Amino acid sequence: MKAIYILWLRELKRYLRSRVQIIASLGQPLLYLLVLGFGLGPVFRKAGSGSYLQFMAPGIIGMTILFNAVFSGIALLWDRQFGFLKETLVAPVPRLRIMIGRTLGAATVSMLQGTLVLVITLVAGFRPSSLAAMPAGFLFMALIAIVFAGLGVVIGSSLKDMQGFQLVMNFLVLPLFFLSGALFPLEHLPRALAAATSLDPLSYGVDGLRAVLIGMGHFGIAVDAAVLATVAVMLLCLGAWRFSRIEV
Amino acid sequence: MIRVQNLIKRFGDFTAVNDISFNVNKGEIFAFLGPNGAGKTTTIKMLTTLLRPTSGALELDGLNPAVKQHEARQRFGIVFQDPSLDQDLTAWENMELHGLLYDVPRKARRERTETLLKLFELWEKRDSMVKNFSGGMKRRLEIARGFLHTPKILFLDEPTLGLDPQSRNQLWTQVKYLNETESVTVFLTTHYMEEADRVAHRIAVIDHGRIVAVGSSQELKKRTGTESLEDAFLALTGESLRDETATSADQMRQVAQMWRR
């Protein structure tokens, strides 16, 4: 337990100390929120779907968590060659605990970053239906964070070098974001697109978040939570296996 | 303390370590010398549980590191060729983290951290972030950290690469001191012959995955009829250059150097 705790704490400390990075990584969500939020707002309203800012805020929170969690997984590749991770691989601690500590740390940091963006959306004018919805909202944020921190470990332990990064970015992370319904409603989609969105775990995360925060759901809260939990368990098991196979 | 018998490691059809055998005695400083790609780091990785051998027998303090991983890991410390400190933590925090991972009791951890940081002249800087350290300071911290859990064996994989003569000199003085006072067995690799000449009790010369000679610096010089260890080394390994193809780790290392200030 001690090893898990200190590795978790390490991720947290590193995050809190990197102020510049915290602010830099808020740039993208802010851009989406302000430019798309206010730019597409009038069209969205004309189509009779209400406030676009209200609609997309949960999506942007989901996006922030996705990017943060996956990137911390990719950082693992660096960490295992030039960082502290290598030290932990020869320490008398089972690999599984190292993986759990690190993944929980990455998930917590992504949650914090997501919370920061949530605060920004509130400032920009996002209004959840009630304060009582907040705990459920955080639960969904945590689920999203664990799913993608798990995915991050799988990627970070499987990649051989940094060249794979572009591939992962363009063929995995960006599609995960764009297909998630973070930016558009999942109703009345062409069949192929609907099928693709229903395969994307982030769809369920954003949908769950939207359902509890503003009462607009597509799959249903129970389905969202169940899918996320299942995918989280699967990815963590796969991640644990990949991580245990790392040879430096 | 270390026994290696008929050790072989193949990557696909490339044989990195080709049937080597050697022993390292307790309290000895043993140097592994060899050109690039000779199999030095691969051997260290197998001894330190990071790679599984293709075949052959290994023993660290009577334990097989491939089977008794956990127990073997408690018995050695290692300083890798690439840095493995957490740059965003302080020197003190890096030591703490290591002590906790190795389950060193709190009191002993604090006391030993203080002793070691003082010995390696880092005590004044204990609360500074590692990213603000010079290359030499980082290396010293890594070595201090390697000693924290009072290992029986310390592996040093090219610890002085890229350091100035002053730092190198000081580093070896400190390692020698700990070797004598705590009778830690030291297994090192280096490209600097004069270092091996100065600190190592015995030297193994490895080339193309095979050990070509083992003995004290004196013995190697006598055997080859040369004046210096460098000449002995060249006589044993030949003068041809070793142009390896860069691996993914090498490529990353280049990027890492670009980003380092």
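The values are calculated or read from the model by the stated rules, or taken from the named source; none is laboratory data. Quick caveat: nothing in here was measured; it's all calculated off a predicted structure. Here the Cβ is made from the backbone with ideal geometry for all residues, glycine too, and neighbour counts use every protein chain on show.
Miscellaneous remarks
- So B:THR43, is it of a type in the set (Ser, Thr, Tyr), surrounded by 21 or more Cβ atoms within 10 Å (Cβ to Cβ), within 23 Å of B:VAL214 (Cβ to Cβ) and facing another protein chain (nearest Cβ under 9 Å): no
- Consider region A:2-15 and keep the residues that are over 19 Å from the mean Cα position of the chain (by Cα) and touching a residue at least 60 places away in the same chain (Cβ under 8 Å). The one that is farthest from the other protein chains (Cβ to nearest Cβ) is A:ILE4.
- Options B:GLY56, B:GLY135, B:GLY77, B:GLY99; residue that is over 20 Å from the mean Cα position of the chain (by Cα) and small (Gly, Ala, Ser): B:GLY56
Okay, residues lined up against (1) at pLDDT 90 or above; (2) part of a strand (DSSP E or B):
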{"site": "B:ARG140", "(1), (2)": "yes, no"}
{"site": "B:PHE155", "(1), (2)": "yes, yes"}
{"site": "B:ASN179", "(1), (2)": "yes, no"}
{"site": "B:GLU194", "(1), (2)": "no, no"}
{"site": "B:ALA204", "(1), (2)": "yes, yes"}
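Okay, residues lined up against (1) crowded, with 24+ Cβ neighbours inside 10 Å; (2) at pLDDT below 90; (3) more than 14 Å from every other protein chain (Cβ to nearest Cβ); (4) part of a helix (DSSP H, G or I):
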| residue | (1), (2), (3), (4) |
| --- | --- |
| A:PRO128 | no, no, yes, no |
| A:PRO135 | no, no, yes, yes |
| A:PHE140 | yes, no, yes, yes |
| A:ILE146 | yes, no, yes, yes |
| A:PRO175 | no, no, yes, yes |
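- Enumeration of residues in region A:177-204 that are closer than 13 Å to A:PHE67 by Cβ, in a helix (DSSP H, G or I) and not aromatic (Phe, Trp, Tyr): A:LEU202
- Breaking point among (1) more than 14 Å from chain B (Cβ to nearest Cβ); (2) of a type in the set (A, V, I, L, M, F, W, C); (3) in contact with a Leu (Cβ under 9 Å, 6 or more places away or on another chain), for A:VAL119: (3)
- Residue match in region B:225-245 (condition: within 28 Å of B:PRO53 (Cβ to Cβ) and within 14 Å of chain A (Cβ to nearest Cβ)): yes
- Residue within region B:76-95 that is away from chain A (no Cβ under 13 Å) and free of Cβ contacts under 8 Å to residues at least 40 places away in the same chain present: no
- Every pair of residues 6+ apart whose Cβ atoms lie under 6 Å, when the first sits in region A:65-78 and is within 14 Å of chain B (Cβ to nearest Cβ) while the second is assigned to a helix (DSSP H, G or I) and not hydrophobic (A, V, I, L, M, F, W, C): A:SER72/A:GLY152; A:ILE74/A:GLY156; A:LEU76/A:GLY156; A:LEU77/A:GLY156
- Scanning region B:101-142 for residues that are within 21 Å of B:VAL184 (Cα to Cα) and within 13 Å of chain A (Cβ to nearest Cβ) yields a total of 8.
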